[in-house]
Amino acid sequence: MGILDRFSLLGKTALVTGAGRGLGQGMALALAEAGADIAIAELDLPAAEETAAMVRERGRRALPFKSDVTDFEAVQAMFKSVIEEWKRLDILVNNAGYAQPLSALEMSVPDWDRMLAVDLKGVFLCCKAVAPHMIQQGGGKIINIASMSSFHVNRDADYCHYNAAKAGVVMLTKSLAVEWARHKIYVNSISPGYFRTPGNAARSDNPAIRAIRVDQGVIKRYGQAYEDLGGTVVYLASDASNFTTGCNLVVDGGYSL
């Protein structure tokens, strides 16, 4: 097998949470172009269906789901449906999450609980739900989307709950990598830096925010979902990364330097 062949995902199936837009959509399309069939999990079903249509345009099968990653029964039902339809699931990308600027003094306890539920607990629940299937089929790839904020405190606003959740994702990734290595389940994380998406465009384009997020960086631009994360997620999903587990790949344009 040649080196480029090791990056191929032909015959593989993947599920990407939060893939109706933004980073999740970009990564889902990259995985599809590498050959994988894609299941899309979203709270917003029309958004999931839009991504599914884009996956099908690339010649791959797609399954859109309306699902809440904080609801374990719903998560289990979603994975069961994928397995019943495709007989296996090779790749899970835990991307669903959100960011909400709030100072520690201003945030309510429900604000804290909701952030940790979506951005950390949801990752754990999806990993827990898929692992038995991957063990039964002989292995798989899990890719958790953390953030540069897991080790770097954002300076344009206060995000202590988000930062704590993403730091938890990184350590959860390392812990599961150790637990599940014997099952040939490879668990890694990606920590994106500042990316411009349709959902954050207004804030990202604010000159004061741009002065912090772009002008203080190294490459001097925002990341783009498909162009700048596609290669990373395909690598971690493919056989090219079969000696990589428990790794947190930072894709931040050198910002944290």
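The values are calculated or read from the model by the stated rules, or taken from the named source; none is laboratory data. What you see is a predicted model, and the numbers here were worked out from it, not measured in a lab. Glycine also receives a Cβ, built like all others from the backbone with ideal geometry; neighbour counts cover every protein chain displayed.
One table, with the values for the structure above:
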{"quantity": "Scope segment 170-185; condition surrounded by fewer than 24 Cβ atoms within 10 Å (Cβ to Cβ) and either within 23 Å of Tyr222 (Cβ to Cβ) or of a type outside the set (A, V, I, L, M, F, W, C) (or both); matching residues", "calculated": "Val170, Lys174, Ser175, Glu179, Arg182, His183, Lys184"}
{"quantity": "In segment 186-204, residue surrounded by the fewest Cβ atoms within 10 Å (Cβ to Cβ) [restricted to those that are touching a helix residue (DSSP H, G or I) at 6+ places or on another chain (Cβ under 6 Å) and either among the small types (Gly, Ala, Ser) or under 26 Å from His133 (Cβ atoms) (or both)]", "calculated": "Gly199"}
{"quantity": "Counted residues, segment 20-39 - those being part of a loop (DSSP other than H, G, I, E, B), touching a Gly at 6+ places or on another chain (Cβ under 9 Å) and at negative phi", "calculated": "3"}
{"quantity": "Members of segment 15-63 that are polar (S, T, N, Q) and in contact (Cβ under 8 Å) with a residue 40 or more places away in the chain", "calculated": "Thr17, Gln25"}
{"quantity": "Where Leu89 falls short, out of the listed (1) touching a residue at least 40 places away in the same chain (Cβ under 8 Å); (2) hydrophobic (A, V, I, L, M, F, W, C); (3) in a strand (DSSP E or B); (4) over 27 Å from Ser204 (Cβ atoms)", "calculated": "(3)"}
{"quantity": "Residue within segment 145-157 that is more than 24 Å from Leu257 (Cβ to Cβ) and without any contact (Cβ under 8 Å) to a residue 60 or more places away in the chain present", "calculated": "no"}
{"quantity": "Segment 158-203, residues that are over 18 Å from Leu116 (Cα atoms), β-branched (Val, Ile, Thr) and outside any strand (DSSP E or B)", "calculated": "Val178, Thr197"}
{"quantity": "Residue selected from segment 40-59 under the condition outside any loop (DSSP other than H, G, I, E, B) and of a type in the set (D, E, K, R), by the criterion nearest to Val75 (Cα to Cα)", "calculated": "Glu42"}
{"quantity": "Residue match in segment 87-98 (condition: surrounded by fewer than 23 Cβ atoms within 10 Å (Cβ to Cβ), at pLDDT below 95 and within 14 Å of the chain's Cα centre (by Cα))", "calculated": "yes"}
{"quantity": "Some residue of segment 137-144 being crowded, with 16+ Cβ neighbours inside 10 Å, at pLDDT 95 or above, outside any helix (DSSP H, G or I) and more than 14 Å from the chain's Cα centre (by Cα)", "calculated": "yes"}
{"quantity": "Lone qualifier among Val82, Val130, Val123, Val118 - being over 25 Å from Ala36 (Cα atoms), out of contact with any Lys or Arg (no Cβ under 6 Å at 6 or more places or on another chain) and of a type in the set (Val, Ile, Thr)", "calculated": "Val118"}
{"quantity": "Qualifying position, being at pLDDT 95 or above, within 21 Å of Ala28 (Cβ to Cβ), in contact with a strand residue (DSSP E or B) (Cβ under 7 Å, 6 or more places away or on another chain) and among the aliphatic types (A, V, I, L, M), among Ala47, Ala41, Ala53, Ala74", "calculated": "Ala41"}
